[in-house]
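Worksheet: the structure to be examined is printed underneath.
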Amino acid sequence: VGADPDQIAILDNFCWGNPLLPDRLGSLVRASQGCYDAAVAYNAPFISGKDSLNNEYMGADGQRHAIPGTLLISAIGIVPDVTKAVTMDLKAAGDLLYVIGETRDELGGSHYHMINGLTGGTLPQPIPNALATLRKLHQAMKQGLIKACHDVSEGGIAVALAEMAIAGGQGVHVYLEDIYSRDGSPERTAHDDAVSLFSESNGRFMVEISPDDQAAFETMMADAALYLIGITSGHHLHVHRGRDYETRLNNFLYCKLQDMADIWGAGLSDKPVKSDVSRPTIKAPQTPIRTVKTHTAKPRALILHANGTNRDRDAAQACEVAGADAHIAHMTHILNGDTRISDYDLLIVPGGFSHGDDLGAGKLWATDLRHRLSDDLNQFVESGRPVMGICNGFQVLVKAGILPGSEFDGSVTLTYNESGHFECRWVMLQPNTASPSLFTEGLTEPIYCPVAHGEGRLLARDEEALDTLWRSGLAALTYVDEKGGAAGYPLNPNGSSYAIAALTNPAGNVFGLMPHPEDHIFSWQHPRWTRCESGMLGLRLFQNAVKYA
């Protein structure tokens, strides 16, 4: 993505079986030795790490079995200028595709072998000059010569090509003869084709280059293994044995991008879809009369922090960008009186996993707020000052009885996603013009931001409670599709009733939502900003909060 390979730090995470058993311990030692060798070879220090041992289960045979030893190594680097970060999506038609690094006959242990039930073959070997190649690639990125870059790893070149093409909506023509050929082989064989497409040789990258930059790129990459393998074109993935791509006579592989994308996302359409949201009609309530203060100083925003929360800095940054003076305070300082909620103009309960969600999402934190800070919170809310809960913070406000309000008496809750698993994806949110919420006041354009939760499904005790919630305009945001229509899964990621994504209280100054608007406050945070897509910032929610704080 553009970080300096000489300024990289790494972390390890070992998921292993019982280390007291000889075979488990032996493989763990060998893996550690491999970590040492790699760190020295790349001059990249391990700065931290963790282990998750004793991952074992009792089989039907009555014996304990360990999971396969699994090692995750994460690399951390700094890209000084985010506008120069390189993404993996193909950018335009007519560009050149290069593979950096040698493709060898190394199918041993590959996905290709696994899927086809094959054994044997050579395992991928270490690359002695990998760091030198990374340095050259980094210099090409600094010069702006690389439009897209993707590592070639699991699944080989075929999977890397598919991922880049699907992400960019851009087809490719690729020629196998330029990727791998055996010395002295008069013509390609099926095995050669398999090696070209699916070998998992180390130290390789796929890059997209503008034809105008071809000479400069090849000069900069001199002495590195470099192979021009094709061009970007159309909306299909074409793989050819030869150069005659004007006809399909030599096509080895041909498929539509949309077909590949459908296969890539296979299974989503099998999930429950609740697009039929016959919701009652809302009669727009009378908008509360609010006073916008003329500030002599920035309004002060308090961001609460509990053990396990991890989005407090994101929320603080959003408040700062919106014009507030943000302060993060741990609950310990709130409870012992070092920090007073009443001294602030805006309160944020951020996302994360407070107290590890050990008793369920947000329950422990909600207990603190309800029983130990109820007077302070009630006074803050009754004074009309804005309160926002995001994701885990939304769960806290609901379970503390602050949202949607005391008159609902616990008849609304947030529970496990209907899909049965954690959901992490970007969603479209439509502001409700009939809502009294000060956070969505005046907003008509959708908000685009990510969700990341396992318990975000909004449910009411019965249809009467749900209809009352809806008719009162307390559903401040709803999940919608790109045309603004009612959304089913996966656009409504948790299966919330009436596709409700956010709630407000009747007074409009308390607001909670499952998505993360604090993660889309800059245009470059849009997942497709490199293709000039922008807008629909979550920042507007924070700007409204600061406006009335």
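If you take the charge dipole of the chain about its Cα centre, with +1 on Lys and Arg Cβ and -1 on Asp and Glu Cβ, which of HIS235, GLY442, LEU253 is farthest toward its positive end?
My answer, from the dipole projection, is GLY442.
Heavy-atom accessible area per residue, the chain, 1.4 Å probe: how many Å²?
Each residue of the chain exposes 48 Å² on average to a 1.4 Å probe.
Report the one residue of GLN543, ALA507, LEU466 whose Cα lies farthest in the direction of the positive end of the charge dipole of the stretch 448-549 (charges on C-beta: Lys and Arg +1, Asp and Glu -1; origin at the Cα centre).
The residue sitting farthest along the positive end of the dipole is GLN543.
How would you order 300-311, 399-410 from highest to lowest mean count of nearby Cβ atoms within 10 Å?
Packing order, densest peptide first, comes out as 300-311, 399-410.
So, with a 1.4 angstrom probe, what is the percent of accessible area on the chain that is carbon and sulfur?
52
Which value, in debye to the nearest 20, describes the size of the charge dipole of the chain about its Cα centre when Lys and Arg Cβ atoms bear +1, Asp and Glu Cβ atoms bear -1, and nothing else is charged?
Taking the Cα centre of the chain as origin, the dipole is about 1220 debye.
Spelling out what I want: for every residue of the stretch 395-401, take phi, set θ = phi - 60°, compute 6.51 cos²θ - 1.76 cosθ + 1.60 (Karplus), and round to whole Hz; glycine and proline get x.
4, 4, 5, 5, 6, 7, x
In whole Hz and in residue order, list the ³J(HN,Hα) couplings for the stretch 203-208 that follow from phi through the Karplus curve 6.51 cos²θ - 1.76 cosθ + 1.60, θ = phi - 60°; x for Gly and Pro.
Ordered by residue, 3J(HN,Hα) equals x, 10, 9, 9, 10, 10 Hz.
Compare the Cα positions of PRO527, LEU377, THR415 along the charge dipole of the chain (+1 at Cβ of Lys, Arg; -1 at Cβ of Asp, Glu; about the Cα centre) and return the one farthest towards the positive end.
My answer, from the dipole projection, is LEU377.
So if I take the centroid of the Cα atoms in the stretch 156-184 and the same for the stretch 90-144, what is the distance between those two points in Å?
Centre-to-centre distance over Cα atoms comes out at 11 Å.
Enter the accessible area of ARG340 (Å², nearest 10), with the probe set to 1.4 Å and all protein chains included.
Roughly 140 Å² of ARG340 is accessible to a 1.4 Å probe.
In whole percent, what relative contact order does the chain give with Cα contacts below 8 Å and a gap of six or more residues? Mind showing how you got there, number by number?
Working: 1154 pairs, mean separation 65.5, N = 549.
Relative contact order here is 12 percent.
LEU71: net charge of surrounding residues, Cβ under 11 Å, Lys/Arg +1, Asp/Glu -1, itself excluded?
-1
If you average the alpha carbon positions of the stretch 412-426 and of the stretch 476-549, how far apart do those two centres end up, in angstrom?
16
Might you report the magnitude of the Cβ-based charge dipole of the stretch 333-407 about its Cα centre, with Lys and Arg at +1 and Asp and Glu at -1, to the nearest 20 debye?
140
Can you give me the Cα centroid spacing of the stretch 57-84 and the stretch 327-376 in angstrom?
Using only Cα atoms to place each centre, the spacing works out to 33 Å.
If you line up the long axis of helix 539-548 against the longest principal axis of the chain, both from Cα atoms, how many degrees apart are they, to the nearest 10?
20
Hand me the GluC sites (Glu not before Pro) from the stretch 448-549 located in a DSSP loop with no more than 12 other Cβ atoms within 10 Å, in residue order please. Let's see the in-between values first.
Details: sites: GLU455, GLU463, GLU464, GLU482, GLU518, GLU533; in loops: GLU455, GLU482, GLU533.
Sites meeting the loop and neighbour criteria: GLU482, GLU533.
Roughly how big is the stretch 59-139's charge dipole about its Cα centre, with Cβ charges of +1 (Lys, Arg) and -1 (Asp, Glu), in debye to the nearest 20?
220
Looking at this model, which pairs from LYS84/LYS147; LYS399/LYS547; LYS91/LYS256; LYS84/LYS136; LYS84/LYS142 are more than 19 angstrom apart at the alpha-carbon?
Pairs exceeding the cut-off: LYS399/LYS547.
Between ALA222 and VAL29, what length in nm is gained on full extension when 0.36 nm per residue of separation is reduced by their alpha carbon distance?
65.6 nm
The values are calculated or read from the model by the stated rules, or taken from the named source; none is laboratory data. Here the structure is a predicted model, which is why all the values come from computation and not from measurement. Glycine gets a Cβ as well: all are built from the backbone with ideal geometry, and neighbour counts include every protein chain shown. Surface accessibility is based on the protein's heavy atoms, side chains included, excluding ligands, DNA and RNA. Shrake-Rupley method; radii C 1.70, N 1.55, O 1.52, S 1.80 Å.
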